[in-house]
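To start, the structure under review is shown below, and the notes come after it.
Throughout, read-outs are computed from the coordinates displayed, never taken from laboratory work. Treat the numbers as computed from the prediction; the structure is a model and nothing was measured. Positions of Cβ are backbone-derived with ideal geometry, glycine not excepted, and every protein chain shown enters the neighbour counts.
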Amino acid sequence: MEDKLDARFQELEQKLKNMSEEDLERVRESFQYAKTYHEGQLRKDGSPYITHPLEVAHLVAELGLDADSVMAALLHDTIEDTDATYDEVARRFTSAVADLVEGVTKLDKVKHTSIEEKQMENLRKMLMAMAKDVRVMLIKICDRLHNIRTMEFQSERKRREKSLETLEIYAPIAHRLGMQRMKWEMEDLSLKFLDPVAYAEIEEELSCQAETHAAFMEKIQNEITGRLEKEGIKATVYGRVKHTYSIYRKMYAQNKTFSEIFDLYAFRVIVDDIPACYSVLGCIHDMYKAVLGRFKDYIGTPKPNMYQSLHTTVIGTEGIPFEVQIRTWDMHHKAEYGIAAHWKYKNGMANKQLGTEETFAWVRRLLESQQDTDAEEYIRTLKVDLFADEVFVFTPNADVINLPAGATPIDFAYAIHSGVGNAMTGAKVNGRIVGFDYQLKSGEIVEVITSKNAKGPSRDWMNLAKSNQARTKIRQWFKREKREENVATGRAMFEGELKRLGFTIGMITTEEMLPFILEKVRFNSLEEMYAAIGYGGASAQKCANRVRDELVHQDRQHAEALAAEKAAQEQTAQAGRSSADSGVAKTGSRKSVSGVIVSDMTECMVKFAKCCTPVPGDEITGFITRGFGVSVHRSDCPNARNGMNREDEKDRWIKVTWDPSSLNTYKSTLELIGKDRSGLTMDVATVLGTNKINILTFNLQSLPDGYAKMSIVVEIRSQSELSSMMNKLQQVKGIYQVARVSG
Ligand code: MN
């Protein structure tokens, strides 16, 4: 037995003869190590366990993978099934080898459950994502192929399980990776266990006609070879009967009998270059009658899994149809070994950090160069698989949920249902409680703990969720459930931002400015904007920035318009100096909302300075503010006087006049000082009342020595009304001073 093992290992060394002596030594060490650890373990057929890893290593070597992969194949069951540990393998060999072993071990733990077809694709993706390094998957496929080749001694149940899993999971993955040979073998062996009757039927049909087949194939092969020789095309030609599972699929999927299977035979013509492929195609179509609609140019348009060949179906002289596949040697190797072919046939690739992002760049380039739409889909899924920007986790019911990399239990819960997310109070991963910030890994089983009394999502969940789906659902919840809170938070956030930019909320809530602001931020009201900011549907910073832009814009427009008007007015004044009254007549004809005419403008925002509260009749002057129109001061207001003397603001002061036609009232603040007595305030109020003057506010303040000060804000129509008013107040008994407040 020992001799047999050693002989088989010698054969492995033969397959690795291109490897450096140093690498070969490491492979030998791995074999010894695995042999020692598996000592005493037997396979179901009674052979030493080590024969299995050794055969897997053969398959891996045949794929042409690197030394690390061959070592990992030899060691692939040590961590799981013996006393060996990851650390020991890493120490003894390298962590790269230990990682590959661990990767294969992890894939073993994902149980294939009977799930629906649409879930199957997710399960395949999960395995690919878990593999991370494509070599892990290639080793796993070799492992599976050997297992299924040697299943005879397993229990019936185990055989069915493994066969189904192979057919549904590993054969499609092998197909995706372009490894036709292994795919076919896995399919045929699985079928043999799953549907032994149909398998036997097909095998029998094939063997019954074996001689006929052989004769037919030899004849066609000779015909083609002869013709190509005559044409001077160097080619290798061979024929085969299609593999059992593909015949089975055609019989059952298309409900046909064996004799109705259209293309039982396939011939391969392998040539040196692409032009030769098309020359061969010409010859074939010249020799045999082509079946319409069966020609496929997979050279011009490669299949999604990188497969390239010309396919055509023709009818031979006996009336038997057969398929011809024409390809170059390079295409042939890729079709047989798929992604692995790149290791086998690209020298220098081996041993160079295989499995790193950089190494995959060529896979990506290769895939991206394909234009076919199917290919695009393939690229998308393959990229996802190889570069793992997704994670795949199980629900407790073994459904596979697909989430973006870095996803947390929050993403998982909302992927199940928004109701589950909103009622979540905790989460378990593989049966252990985890935090909401736990990052899920492919293959984990996730369980959400919910409660009827859950308070709903908290705001920091927005930061913990990775998927847009979860974030949208959390946002919706806040939008719906917490309107008042949203408005308050949103308002505070917005005002904070605005303050940071140097503006106050008062600057935008004026009647004149608000419509512009709302249009700019695209909300119907400030409250709506606050609510949106509050639940995260809008950004406080973006809104504040927009508001700032609008304020600056408005300011610039006013300043420019006013400057232009001022210039125009000066010209008119010069031109019309001979007729002094024309200007007055002109202004007099204008209407103004504010009661003040700003130069020649009608459409202009005007406000009255709080410091001096001018009223009609007062001499006034206007100041062009930054963004809020013209502010009107009394000419004798100290602020105005100071302002006009300032060099940098001189140009902003403009001429304004009262609109004589206006019936507006104006606020004016009066200050009265007098000897306090009972009935003083009533007497003052009576004077104002009998003269039909509205009082807006009235403050009384006691001063020392029995005096009192009254501050009264009144509504007044003109300066003359105000003067007569002040005269009357002066006559109230005890009042000795009446003054207008200014500055
Ligand atoms: Mn194994």
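Quick notes on this structure:
- Measuring nothing but how far apart in sequence close Cα pairs (under 8 Å, 6+ apart) lie, relative to its length, the stretch 7-99 scores a relative contact order of 28 percent.
- Gain upon complete extension [E13, A685; 0.36 nm per residue less C-alpha separation]: 230.3 nm
- Charge sum, other residues only, whose C-beta stays under 12 Å from H285's C-beta, Lys/Arg counted +1 and Asp/Glu -1: +2
- Added length on full extension, which subtracts the Cα-Cα distance from 0.36 nm per residue, L42 to M726: 234.5 nm
- Cross-link partners of K296 among aspartates and glutamates (Cα-Cα below 12 Å; sequence separation of 8 or more within a chain): E323
- Bridging of K733 to aspartates and glutamates at a Cα separation below 20 Å is possible for E671, D676, D683, D705, once same-chain residues fewer than 8 apart are set aside.
- Straight-line cross-link partners of K692 among the lysines, defined as a Cα under 16 Å from its Cα and at least 8 positions apart when in the same chain: K667, K728.
- Protection proxy ranking, peptides 167-173, 210-216, 311-317, average beta carbon neighbours within 10 Å, highest first: 167-173, 311-317, 210-216
- DSSP-defined beta bridges in the chain - what % are antiparallel, rounded to 5: 85 percent
- Based on Cα contacts under 8 Å between residues 6+ apart, the stretch 212-345 shows a relative contact order of 22 percent.
- Gap separating the Cα centres of the stretch 268-342 and the stretch 129-187, nearest whole Å: 27 Å
- Contour excess over end-to-end distance, with Cα ends at K158 and I315 and 0.36 nm allotted per residue: 52.1 nm
- Given K428/K482; K219/K256; K183/K242; K35/K441; K140/K466, the pairs whose alpha carbons are separated by over 24 Å: K428/K482; K219/K256; K35/K441; K140/K466
- Flagged links, alpha-carbon separation over 30 Å, of K106/K452; K542/K610; K455/K499; K15/K106: K106/K452; K542/K610; K455/K499
- Cα gyration tensor shape for the chain, rounded if a/c is under 1.5, else prolate or oblate: prolate
- Each Cα pair under 8 Å and six or more residues apart adds its separation to the average, and for the chain the resulting relative contact order is 7 percent.
- Separation of alpha-carbon centers, the stretch 57-92 and the stretch 426-479, rounded to whole Å: 38 Å
- Total formal charge among the other residues, if their Cβ is under 13 angstrom from that of I735, Lys/Arg +1 and Asp/Glu -1: +2
- Highest mean first, the peptides 35-43, 78-86, 102-110 sorted by other C-beta atoms within 10 Å per residue fall in the order 102-110, 78-86, 35-43.
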